[in-house]
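Asks: Before we start, here is the structure in question, set down as structure tokens.
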Amino acid sequence: MLIRMNVSRKTISELLSSYDRKKLKIATICSHTALQIFHGAREEGIKTIGICTEERRKVYEAFPLGCPDEFIIVDDPGKIPAEELAEKNAILVPHGSLVEYAGEKLGSLKEPMLGNRESLQWEKDREKMFKWLSASGIQVPATIDPDKIDRPCVVKLAGAKGGRGYRVVNSPEEFYEHFEGMNVTVQEYLIGVRAYPHYFYSPLTKDGYRASEGRVELIGIDRRFESNIDEAYRTEMAGLSFTPSFTVVGNELLVMRESLLGDILGMGKSVVETADKLFGGIPGPFCIETVVDENLQFFAFEISARIVAGTNIYPQGSPYTAYQWEEPMSMGRRIAREIKLAAKAGKLNKIIY
Ligand code: AMP
């Protein structure tokens with residue numbers, strides 16, 4: 001899926017200037033990280049709108065503190081009611097499901113959306129994403145020609161979500177047996193510990209860990225549980241043979257060696273500063289998916305240019321936000337806080353374009 005950007009920064013800026021800055025709302029699709037986004041907005045005193053199918057509504061009503069103040073009921077969550085949202089002074093917060101459901105339509109959506117929507121194009125296109133990572137000076141796994149597979153490789157389906165359908169292959173023969181004629185990427189299999197640091201880049205704040213014109217914050221780190229590879233030892237101990245698969249099922253909190261924090265913050269800073277040069281910046285949340293090897297070297301295989309589901313682990317703040325904020329700070333709340341700060345300073349254009 002290619003997201004073509006048809007809405008100019010000027011159009012979004014004009015829309016924003018018609019907003020009542022004292023009555024801003026936060027909207028998102030009821031899925032992925034919505035409970036956290038609504039909960040965080042509530043803690044910052046911002047009203048919320050959930051775009052939701054009738055059937056999903058009861059799930060959100062089961063969690064009163066993560067429930068939006070109002071619902072817009074839709075048949076198809078991929079059809080974002082842009083006009084209605086704009087009339088309600090709403091800022092859309094993109095998350096994984098929103099990007100997946102709305103897809104290409106995001107490029108022409110006349111509705112202010114947190115962040116730089118150009119960045120979604122750079123995360124979707126694997127070639128662009130690797131250009132972004134490499135230009136940031138971050139090590140990446142080698143991309144291998146199927147005919148030259150000479151080591152364990154992970155084969156990734158184009159546009160696959162959450163690792164579904166991925167497979168490890170060891171030879172060209174094994175590759176062609178499963179993926180002949182398919183649109184896939186073959187990547188060297190990285191051996192080590194997976195670590196997914198969650199960052200927030202604020203162009204509005206100048207203290208802390210400086211990056212570009214503001215600062216980058218480490219909000220948390222997670223590791224995923226993927227089926228069936230993450231329970232492989234049980235399967236093996238039960239004497240069963242299996243083919244490793246990578247479908248994401250859940251997330252767990254990770255706290256890393258303190259001596260690695262410098263590297264982690266450094267990667268965040270370079271990704272921010274490279275985004276500035278390549279496509280005009282990345283305000284707001286993002287995540288770098290990495291594997292750390294036995295020599296404590298980081299290798300990155302993906303960037304998510306938006307809030308990731310791993311942040312759902314800490315709605316009351318993480319082991320890293322505890323040292324940055326007096327109050328419990330989730331990623332959802334950090335987003336709401338930034339919108340509030342930008343509105344107050346008349347700088348919404350710096351975080352929404
Ligand atoms: P992705 O769709 O790129 O987020 O990948 C889904 C999952 O596949 C990751 O969370 C990893 O567990 C695994 N994975 C992806 N790329 C690699 C790689 N190059 N080496 C080892 N595991 C990988």
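Asks: Yes or no: the stretch 235-247 includes at least one residue that is within 16 Å of the ligand (Cβ to nearest atom), touching a helix residue (DSSP H, G or I) at 6+ places or on another chain (Cβ under 6 Å), open to solvent by 30 Å² or more (accessible area, probe 1.4 Å) and modelled with pLDDT under 95.
Replies: Yes, that holds for at least one residue.
Asks: Looking only at residues in the stretch 141-164 that are buried (at least 18 other Cβ atoms within 10 Å of the Cβ) and under 23 Å from the mean Cα position of the chain (by Cα), which one is farthest from the ligand (Cβ to nearest atom)?
Replies: Val155
Asks: I'd like the full set of residues that are open to solvent by 50 Å² or more (accessible area, probe 1.4 Å) and not in a helix (DSSP H, G or I), limited to the stretch 170-185.
Replies: Asn170, Glu180, Gly181, Met182, Asn183
Asks: If you don't mind, there's one more thing I want to ask. Looking only at residues that are in contact with a helix residue (DSSP H, G or I) (Cβ under 6 Å, 6 or more places away or on another chain) and more than 30 Å from Leu341 (Cβ to Cβ) in the stretch 177-207, which one is modelled with the lowest pLDDT?
Replies: Ranking the qualifying residues of the stretch 177-207, first place goes to Thr185.
Asks: Among the residues of the stretch 103-124, is any away from the ligand (no atom under 16 Å from the Cβ) and at positive phi?
Replies: Yes, the stretch 103-124 contains at least one residue that is away from the ligand (no atom under 16 Å from the Cβ) and at positive phi.
Asks: May I pose another question? Go through (1) open to solvent by 40 Å² or more (accessible area, probe 1.4 Å); (2) within 16 Å of the ligand (Cβ to nearest atom) and name the single condition Leu278 misses.
Replies: Against the list (1) open to solvent by 40 Å² or more (accessible area, probe 1.4 Å); (2) within 16 Å of the ligand (Cβ to nearest atom), Leu278 comes up short only on (2).
Asks: Right, next: Sort out which residues of the stretch 215-234 are among the small types (Gly, Ala, Ser) and either more than 28 Å from Gly262 (Cα to Cα) or open to solvent by 50 Å² or more (accessible area, probe 1.4 Å) (or both), and write them in order of number.
Replies: Answer for the stretch 215-234, where residues must be among the small types (Gly, Ala, Ser) and either more than 28 Å from Gly262 (Cα to Cα) or open to solvent by 50 Å² or more (accessible area, probe 1.4 Å) (or both): Ser227, Ala232.
Yes or no, residue by residue, for (1) assigned to a loop (DSSP other than H, G, I, E, B); (2) of a type outside the set (S, T, N, Q); (3) touching a strand residue (DSSP E or B) at 6+ places or on another chain (Cβ under 8 Å); (4) closer than 28 Å to Leu296 by Cα:
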| residue | (1), (2), (3), (4) |
| --- | --- |
| Val168 | no, yes, yes, yes |
| Gln187 | no, no, yes, yes |
| Lys206 | yes, yes, yes, no |
| Glu226 | no, yes, yes, yes |
| Tyr233 | no, yes, no, yes |
| Leu240 | yes, yes, no, no |
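Asks: For Thr311, state whether it is open to solvent by less than 20 Å² (accessible area, probe 1.4 Å), under 25 Å from Arg167 (Cα atoms), modelled with pLDDT of 95 or more and within 16 Å of the ligand (Cβ to nearest atom).
Replies: For Thr311, the condition - open to solvent by less than 20 Å² (accessible area, probe 1.4 Å), under 25 Å from Arg167 (Cα atoms), modelled with pLDDT of 95 or more and within 16 Å of the ligand (Cβ to nearest atom) - is not met.
Asks: If we keep just the residues of the stretch 190-214 that are within 12 Å of the ligand (Cβ to nearest atom) and surrounded by 15 or more Cβ atoms within 10 Å (Cβ to Cβ), which is nearest to Arg257 (Cα to Cα)?
Replies: Going through the qualifying residues, I end up with Ala195.
The values are calculated or read from the model by the stated rules, or taken from the named source; none is laboratory data. Just so we're clear, the structure is a prediction, and the values are computed from it rather than from any experiment. All Cβ positions, even for glycine, are placed from backbone atoms using ideal geometry, and neighbour counts span all protein chains on display. Just so you know, the surface numbers come from the protein's heavy atoms only, side chains and all, with ligands and any DNA or RNA stripped out. Shrake-Rupley method; radii C 1.70, N 1.55, O 1.52, S 1.80 Å.
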